[in-house]
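Taking it in order: structure first as C-alpha cells, then the write-up.
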C-alpha cells in the first residue's frame with residue numbers, strides 16, 4: 001500500500017500537468033486506457049492469469065471505481081493537488097459516519113471524535129477561496145462524491161479477496177473505465193501533442209502500478225490496516241505539489257489536511273488491530289495468507 005501511495009502520487013502530478021491543455025475527461029480516459037495497456041503487457045510477460053471468477057462483484061467494483069475516477073479527476077482538474085487528494089481520503093470516514101444506514105452497525109462513542117475532526121478539516125478545505133474560483137465548490141462536491149464511490153470500490157476489492165487475480169481485477173476496471181469515460185467526452189476532445197501523450201502514458205502506467213499494488217493490499221490484509229497506510233498519500237502529495245507544481249497551500253488548507261490525516265489515522269487505528277481471522281466486510285472469508 002505504501003508503494004501504491006507513491007505510484008498514485010506520480011499519477012496525480014502527471015495528470016495536473018496534462019490539465020494545462022487537455023480536458024479532465026480526456027486525462028481520465030488516458031489514465032485508464034494507458035493503465036489497462038500497461039497491466040495487460042505486464043500480465044502477458046509474466047504469464048499471469050487475467051480471469052476473474054466472481055463476475056458480479058467485479059462489475060460492482062468496476063462501476064464504483066469508474067464513478068470515483070470521474071469525480072476524482074474532475075476534482076483534480078479544478079482543485080490543488082493536496083486538496084483533491086485529501087478529499088479523496090475521506091471515504092473510510094464517510095463509511096463510519098453512515099454505518100448505521102450502510103452496514104446496520106452502531107459506531108462506538110470513540111468514532112465521533114475522528115468524525116468531527118474530519119468534517120472540520122473538510123470545512124477548512126471547502127471554505128478556502130470559495131468565492132475566488134467558480135469551479136471550486138463543484139470540485140469539492142466531486143471530491144466528496146469520489147471519496148464515497150472509492151470506498152465502495154474498496155469494499156468490493158476486499159470481498160474479491162486474495163483468490164482473484166489482482167491484474168485481472170485491475171484490467172477489467174481500467175478497460176471499462178476508459179471506454180465509458182471516452183464515451184462521455186465524445187465531441188469535446190483535444191488532440192494531444194507528444195508532451196501530453198507522454199504525460200498520459202506516465203499517468204496510466206503509474207496509476208496501473210498503484211492499482212495492482214492496492215488490489216493486492218486489500219486482498220491480503222484487513223481494510224483498516226491498509227487504509228491507514230494509504231493516508232500517507234496526503235503528506236506525499238502535498239510535498240510533491242509544492243516541489244513540482246509550485247502550489248503554495250494556505251495555512252487553512254494545511255490545517256484542514258492535517259485534521260483529515262489525524263482523523264483518518266485515528267479512525268483506522270480503532271479497527272486496525274483486530275484479529276486477522278475476523279471476517280472482511282460483507283461476511284466473506286478471512287484472507288488465507290498475510
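Nothing in this text is a laboratory measurement; each read-out follows from the coordinates by a stated rule. Remember, predicted model here, so these are calculated numbers, not experimental data. Here the Cβ positions follow ideal geometry from the backbone for every residue, glycine too, while neighbour counts run over all protein chains shown.
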- Message: Can you compute the equivalent ellipsoid semi-axes for the range 18-93, i.e. the square root of 5 times each eigenvalue of the Cα gyration tensor, sorted largest first and rounded to whole Å?
- Response: 27, 18, 11
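Of the listed peptides 167-177, 139-149, 193-203, what is their order by residue-averaged count of other C-beta atoms within 10 Å, with the highest listed first?
Values: 167-177: 24.3, 139-149: 21.5, 193-203: 17.5.
The peptides rank, most packed first, as 167-177, 139-149, 193-203.
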- Task: Just check the range 115-231 against the gyration tensor rule for me: Cα atoms, a ≥ b ≥ c as the square roots of the eigenvalues, rounded for a/c under 1.5, and otherwise prolate or oblate depending on whether a/b exceeds b/c.
- Result: oblate
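Using 0.36 nm per residue, how much length does the chain from residue 119 to residue 163 gain when fully extended, once their Cα-Cα distance is taken away? Don't skip to the end; give the middle numbers.
On the way: separation 44, 0.36 × 44 = 15.84 nm, distance 3.64 nm.
Fully extending the segment from residue 119 to residue 163 adds 12.2 nm.
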- Report the extension gain between residue 244 and residue 48 in nm, rounded to one decimal, defined as 0.36 nm multiplied by the number of residues separating them, less their alpha carbon distance. 67.0 nm
- Query: Dimensions of the range 2-271 along principal axes (Cα, Å, largest first)?
  - Reply: 48, 43, 30
